[in-house]
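Quick notes on the structure that follows.
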Amino acid sequence: MRTRMRTNRAAALAALLSMLCLDAGAAGGSIERGRYLAKIGGCNDCHTPGYGLSGGQVPEAQWLVGDQIGWNGPWGTTYPSNLRLYFQKVSESEWLKAAREKQLRPPMPWFALRDMSDEDLVSLHRFIRTLGPAGEPAPAYLPPGVEPQGPAIRFPQPPS
Ligand code: HEC
């Protein structure tokens, strides 16, 4: 009887532990790590208005809302997307797939997402989702030859 109770208790403990591990995510990401990556991984530099010019002094509530300043070059004009809205509609598994497979236009370093560990991708997803939706969608992409109406950072044509 005693032994059986002990076995049951051990089984319950094992089940609890595995539940806790599952809760931490298969890839083990964390919100705190996501915050750190958004800061040092360049995401804020382009996706948060004024971040670079203020030396990173933008309050977290205003992070990653996308930018109205275009990046103009041989690829046309791109606008850093509003990640606060994007991550609300993309599940963790969709994000892992998109980050590995989707090639975005310059100057987005999509290859940095491709080469990130699952743990870091999951962390970014958790953190940005936790911030909640904010801001407006960024302006739509303009193909080469279409003049942007608002401000744009201009890249020269590469030498041929
Ligand atoms: C040098 C500027 C720059 C940096 C740094 C940068 N981005 Fe981007 N990002 C962009 C631009 C510009 C686009 C739009 C690309 C396009 O239109 O194809 C974009 C698009 C995206 C998209 C696509 C969203 C959608 O609506 O489909 C995601 C996701 C994204 N960035 C995440 C990140 C994350 C996460 C980081 C940090 C690890 C990061 N970006 C760093 C400029 C940047």
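When you look at Glu119, is it open to solvent by 60 Å² or more (accessible area, probe 1.4 Å) and within 19 Å of Ile31 (Cβ to Cβ), yes or no?
Criteria met by Glu119.
Condition test on Arg129, is it open to solvent by 40 Å² or more (accessible area, probe 1.4 Å), within 22 Å of Tyr36 (Cβ to Cβ), within 13 Å of the ligand (Cβ to nearest atom) and not hydrophobic (A, V, I, L, M, F, W, C)?
Yes; evaluated as a whole, the condition is true for this residue.
With the condition kept exactly as written, say whether any residue in the range 54-68 is near the ligand (Cβ under 9 Å from one of its atoms) and either assigned to a helix (DSSP H, G or I) or within 14 Å of Arg129 (Cβ to Cβ) (or both).
Scanning the range 54-68, I find at least one residue that is near the ligand (Cβ under 9 Å from one of its atoms) and either assigned to a helix (DSSP H, G or I) or within 14 Å of Arg129 (Cβ to Cβ) (or both), so the answer is yes.
Within the range 76-111, restricting attention to residues that are among the aromatic types (Phe, Trp, Tyr) and either open to solvent by 70 Å² or more (accessible area, probe 1.4 Å) or more than 22 Å from Pro49 (Cα to Cα) (or both), which residue is farthest from the ligand (Cβ to nearest atom)?
Phe111
Residues to consider are Glu101, Glu92; find the one that is among the acidic types (Asp, Glu) and closer than 17 Å to Leu37 by Cα.
When all the criteria are applied, what remains is Glu92.
Consider only pairs whose beta carbons are under 7 Å apart and that are at least six residues apart or on different chains; among these, list those whose first residue lies in the range 47-66 and is of a type in the set (Phe, Trp, Tyr) and whose second residue is within 14 Å of the ligand (Cβ to nearest atom) and assigned to a loop (DSSP other than H, G, I, E, B).
Close Cβ pairs satisfying both conditions: Trp63/Thr48.
Mind counting the residues in the range 37-53 that are part of a helix (DSSP H, G or I) and over 13 Å from Glu119 (Cα atoms)?
Residues in the range 37-53 being part of a helix (DSSP H, G or I) and over 13 Å from Glu119 (Cα atoms): 8 in total.
Being open to solvent by 50 Å² or more (accessible area, probe 1.4 Å) and of a type in the set (Val, Ile, Thr) is the requirement here; does Val146 meet it?
Against the criterion (open to solvent by 50 Å² or more (accessible area, probe 1.4 Å) and of a type in the set (Val, Ile, Thr)), Val146 qualifies.
What is the residue count in the range 112-160 for residues that are touching an Asp or Glu at 6+ places or on another chain (Cβ under 6 Å) and at positive phi?
Adding up the residues that qualify gives 0.
The values are calculated or read from the model by the stated rules, or taken from the named source; none is laboratory data. None of the values given here were measured: they were computed from a predicted structure. Reconstructed Cβ throughout: ideal geometry from the backbone, glycine too, with neighbour counts over all protein chains shown. To get the accessible areas, we keep the full protein, side chains included, count just its heavy atoms, and leave off ligands, DNA and RNA. Shrake-Rupley method; radii C 1.70, N 1.55, O 1.52, S 1.80 Å.
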